[in-house]
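These notes are about the structure you will find just below.
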């Protein structure tokens, strides 16, 4: 009774034709508004709605909605809530067919649909309108059933309230024409078009009908249609896809190659033979600016993404597909077998994809010819780019960029340490620790995607599993994948993912050789010690210091008493800096060995103490800066950056001696001891009271705009390939999509670093195992060789390795050959040409040369020297064979520095990890690729680099003549030269000009002479290895007092051990050694 009474009471609200004031026409069927519908609660049930911005042109779904699924929103794949009046529709024409096969529906209506930002064309027959009308009738019937539930009664009551409010804004009801299409004469077609158009407009005016899934399917609208930053809407719709393995890379293994083409026995050819066999399921297919994909109907997830690339193709017709209405879409990674219901629909799909390939996808499909160096992307004009020397500035800029992220963060690393501090000193506690930053952004809704190299655990101790678990446990928005699995037979046991990438919102990208891990943070000072407030007592001449040159340490005989005493007594010094007058007071307190042990176990308590003291001192510095009163101790220091905040570099200088910059595992000397127990991040891996840290020199770049989108596209390809291989059915790891190359949000910029407008091309080394593509790309190697061949004056190289060849078949990359040919050309033209190469003095492997622990180190040194100076195929030997003086053209260097530890002089090499080449002060190649076959051949390690060409020039000098140098390349090279020559040190008063890198006055009188003198002094004072005298005797002509040294005669491991057993001057005569070291004004020496 209640239900019946309710219906009669609401009868006056029924949207029937009579109630609406419309006459009943037997030629039309009206579609009333369903009673009891969920009008008011409708949009509240769903989160996928168009953004209600102030301007209609900006109405779109937020980019992050691509990660939404039916499990989160309980909606169908093509569901999206459309605002009122956002969609307009007009039937512009029709095409009449005379075929007897479609006699019942001869007219094909051409419909133009518009929303605020897109316009697209639909082609529909009368039967499609009729199907939609029938589905809407079913919807109305189902919603009019008064289910006896509390929720349903509340929804009906809510609807009645809203209906009362909208009586004055009543629209006409949808009226569907019933006359069969075959009976409509040609002279009434204009009227029929108006009838169908009015029907659709009335449907779109009603929110329930407008947002119904069948209506959206009719309009080809889905949740992918209006995603912000994915480009304009293109063709979408239901189509059948054949289930099964669709990987092109798998098919390649089973194919045989004929005339350069793969004839596949399990893909396209099997389609010919199998025809309609197999399981076909409906998918919602969509086409975007540079990719093609589909949604899964059951979960609302993206089920596949095909990026447009050099191998992107479409095939139609029975000859190509084996199906009458078949369609094959393929790229270098995958191919989809599709079939439609009509030939017309297949043609519409093919035409749409072809138009995209010729427009927004042309840079990737490369229909007009291959991109330069066969790269996967073209040159990007007027890109904004910045450089960073050493990890301090780079990590600070990365931290700022991460903090500005709004949508997504993508990180790809060979090694990632979650506990790494991005800004130092840690005056803000853990605010700038990497894991804290990522957690903070994830809690704000930013999606974080991390790709880590999955190491062979027996060979490497980087413990990527710990990094994955630590990051994944912080927040559900952080997704981490490791790759590869090193399965036998796949060919990936020896190769690694070596890229170092950070991409923010696919708009700002960092490409470098700097992993976000332990040991990489460093600045231009390249400190050897970091004791913080912990000092030492009188552990003077007897303490054994361990370095890369002396892994077992060196000590002076007859000091057992000092050793025993220092084992029991340790002096702890706390430096207190007065906030008023800047005076330092040192309080000492002796602690027993047991107290020392207790202190080491309570490292976290010490950290709190240090952080509090640093924070208090920072506050005082800021107050003094605001008041304009800075004590004489800090006067003249640049304590503020451009934004007016206290710069971290100046804070580091002020707080030096009272804080640790490298905490726990971050203090490292990996030649002395490699990393272990990474799950204990606060525990030191080496004894910092006896072992100096190994400084780290590296270089990175950042780019904004289209080039950043290219870097993100590579990450998307890698992520999707890894997901398809490892977690294909795991909805917690979504497929990623690349953003469109249209407008870019201006909120992201490279902070605290000058930018230059350059031409930038993204290069990579990639192949099947690394990115899932059957195309092997070696564009980095091609760019290196091209840049060397076209160099006019000068080449500057910094790299971790130099393993190349001139003719040898054992090494395949030909960078050595390119250098040889260019030097020969310079000699023939009698032109001045210089090549400077900076390498690490020793490879970065734990061990001691001459022992079984140093075999890996010795193997790398063998190949480095075989490429440089040993053997008939080495570069210097071949140049000598051509009657040239090699060192007039090319020379090799390493970096070294010294300090005091335990009141002893100590030295350590500066590990060069850069991957950089600068040519003619106009062109820069910077990234993650080493000069060896692993990095350059493409089919081994995966790598990424940027080729940057200046388009903005400044006045400079080259070979004593005026020269137009590139702003970006020149500023980077001058920064590096000043750092290596010690010109950045405050105490340096040298008047050295580094503008002209090839003039004799600089190259010989400054660069080479200083390097040779440093080598001589370091050899005398420390007996360090390697010793450069035998290779570089040429430099004796520049250093008049280059004396004979024992290292000159070291030709075997036995002689090496004897050489190292002799106590160096730093131990026997420290005062004399100190005097000699005062002559070193720079921190580099010959290798």
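I'd like the distance between the alpha-carbon centres of segment 904-950 and segment 320-361, rounded to an integer number of Å. Between the Cα centre of segment 904-950 and that of segment 320-361, the gap is 42 Å. In this structure, residue 808 and residue 828 have a Cβ-Cβ separation that, at R0 = 30 Å, corresponds to a calculated FRET efficiency of about 0.80. Here the simple spin-label model places points 7 Å from the Cα toward Cβ, and for residue 320 and residue 852 these points are separated by 6.4 nm. The packing ranking of peptides 368-377, 460-469, highest mean first, is 460-469, 368-377, where packing means the average number of other beta carbon atoms within 10 angstrom of each residue.
Going by neighbour counts of Cβ atoms within 10 Å, the residues 432, 238, 120, 341 line up, fewest first, as 341, 238, 120, 432.
Each part gets one Cα centre, and for segment 278-315 versus segment 104-138 those centres are 23 Å apart. Run the simple label-point estimate for residue 350 and residue 755 please: 7 Å along Cα→C-beta, distance reported in nm. Simple spin-label model gives 4.4 nm for this pair. For residue 404 and residue 953, the difference between the fully extended length at 0.36 nm per residue and the C-alpha to C-alpha distance is 194.5 nm. Among 93, 899, 222, a tally of other beta-carbon atoms within 10 Å of each Cβ gives an order, fewest to most, of 93, 899, 222.
Report, in whole Å, the centroid distance computed from the Cα atoms of segment 955-1008 and segment 387-448. First find each Cα centre; the distance between them is then 33 Å.
Annotation: peptides 203-216, 407-420, ranked by per-residue average of other Cβ atoms within 10 Å with the highest first, follow the order 407-420, 203-216. In plain terms, the residue of 92, 704 with the fewest other Cβ atoms within 10 Å comes first and the most crowded comes last, giving 92, 704.
Ranked highest first by average number of other Cβ atoms within 10 Å, how do 1001-1010, 502-511 line up?
Numbers: 1001-1010: 18.0, 502-511: 27.0.
Ranking, from highest mean packing down: 502-511, 1001-1010.
Taken along the Cα-to-beta-carbon direction at a fixed 7 Å, the label points for residue 730 and residue 93 span 5.3 nm.
FYI, it's all coordinate maths here, none of it is from the lab. All of these numbers come straight from a predicted model, not from anything done at the bench. Here the Cβ is made from the backbone with ideal geometry for all residues, glycine too, and neighbour counts use every protein chain on show.
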